Amino acid sequence: MEDELHPEYDCTQMQEGAKGKYVERYRTQTNLVPLDPDVA
């Protein structure tokens, strides 16, 4: 099985992603609760 992009995708036009772009939104909009080891 080959992993190839379609010809219409031009990798030279792609930019690098911004690392941590959504980190503040993630921190304020999640409801993660750490569990104690005896509960987990």
Checklist outcome for this item: The Cα extents of the chain along the principal axes, largest first and rounded to whole Å, are 52, 30, 13
Checklist entry - So how much slack lies between residue 25 and residue 2, counting 0.36 nm per residue of separation and subtracting their Cα-Cα distance, in nm? => result 4.6 nm
Checklist entry - Helix-derived [θ] at 222 nm for the chain: sum -39500 (n - 2.57) over DSSP H runs of at least 4, divide by residue count, nearest 500? => result -3500 deg cm²/dmol
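Any read-out appearing in this document is the output of simple, stated calculations on the displayed coordinates, not a laboratory observation. Please read all numbers here as calculations on a predicted model, not as lab measurements.
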